[in-house]
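Q: After the structure tokens below, expect a handful of questions from me.
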Amino acid sequence: MTADPIVGTTVLNRYRVVARLAAGGMGVVYLARVEGAAGFAKPVVVKRILPEHTSNENMARLFIREAKILANLQHPNIVGVTDFGEEGGAYIMVLDYVRAYHLGLWLYFRDMRGEKLPAAGSIHIMTKVLDALEYAHTLTLPDGTPLDIIHADVSPSNILVDTDGQVKLLDFGIARMRGETTKTNDTGSIRGKLAYLPVEALDGSPPRVATDIYACGVTLYEL
């Protein structure tokens, strides 16, 4: 595998990239640290648009939109954004570091051991996810304007469970918010993981609160 040229460099003048963690359809995620005086260091996660997408205006809009949505979300069960900037023609998002595995990996681990997740633990996890979603669904601006944020991609791979049992919802990359005008809202576009979408989403209708609730139900059943 070719070495990633970003690893070992400093981005946005203050975040030293330590290792590449993962890559998806739109971006690549790195473990990094913010460095200060007297040896101060704090781990963070850096998310960057893939080099092949830096000139794609629609991808850039998606990335910017995710950062703007996360900037409004301050909840203990949502992975938050701490910084956002542009460097070398690419947008960079800095996220909270969570020492965790996603729920899909926990399921795989338990399955390899021939074990099931306890019912009480499964309910606890999904209760925390529902708390995060209710917050996003009902969040308003200081003037009372509702934001109507819909995650639209709830699934085990987007739910983190850390080593202390804390639950965090992540990846608002295809989330929807009131007043959007991006191409991602075009009627007929189906986004999200098929197995977690309600039937009514298959005609390309915009996601609703019920879309997230349905995905939570499927995830809980899977657990």
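Q: Which of the peptides 10-17, 138-145, 84-91 is most tightly packed, and how do the rest follow, judged by the mean count of other Cβ atoms within 10 Å per residue?
A: 10-17, 84-91, 138-145
Q: What does the C-alpha gyration tensor say about the overall shape of region 61-167? Classify as rounded when a/c is under 1.5, otherwise prolate if a/b is larger than b/c, or oblate.
A: Values: a/c = 2.61, a/b = 1.53, b/c = 1.71.
Verdict is oblate for region 61-167.
Q: Further question on the same structure: For the ranges 129-136, 108-115, what's the packing order if you count other beta-carbon atoms within 10 Å of each residue, average per peptide, and put the highest first?
A: Working: 129-136: 20.0, 108-115: 10.0.
For the peptides 129-136, 108-115, the packing ranking is 129-136, 108-115.
Q: Can you tally the net charge around ARG99? Count Lys and Arg as +1, Asp and Glu as -1, for every other residue whose Cβ sits under 13 Å from the Cβ of ARG99. Walk me through the intermediate numbers first.
A: On the way: positive: LYS42, LYS168; negative: ASP96, ASP162, ASP164.
Taking every Cβ under 13 Å from that of ARG99, the sum is -1.
Q: Can you tell me the accessible area per residue over the chain, all protein chains present, probe 1.4 angstrom, in square angstrom?
A: 54 Å²
Q: Let me ask something else. Take peptides 200-213, 164-177 and line them up by average Cβ neighbours within 10 Å, highest first, as a rough protection proxy.
A: Values: 200-213: 16.1, 164-177: 19.3.
In descending order of packing, they fall as 164-177, 200-213.
Q: At a 1.4 Å probe, what is the % contribution of carbon and sulfur to the accessible area of the chain? Intermediate results must be reported in sequence, preceding the final value.
A: Working: 6720 of 12000 Å².
Answer for the chain is 56 percent, counting heavy atoms of protein chains only.
Q: Going by the alpha-carbon gyration tensor, a ≥ b ≥ c the square roots of its eigenvalues, is region 1-109 rounded (a/c under 1.5) or, if a/c is not under 1.5, prolate (a/b greater than b/c) versus oblate?
A: Here region 1-109 falls in the rounded category.
Q: Testing the spin-label approximation: label points 7 Å from Cα along Cα→Cβ at VAL209 and ASN72. State their distance in nm.
A: So the two model labels end up 1.5 nm from each other.
The values are calculated or read from the model by the stated rules, or taken from the named source; none is laboratory data. All values derive from a computational prediction rather than experimental measurement. Using ideal geometry, Cβ is built from the backbone for each residue, glycine included, and neighbour counts are taken over all protein chains shown. Side chains included, ligands, DNA and RNA excluded: accessible areas come from the protein's heavy atoms. Shrake-Rupley method; radii C 1.70, N 1.55, O 1.52, S 1.80 Å.
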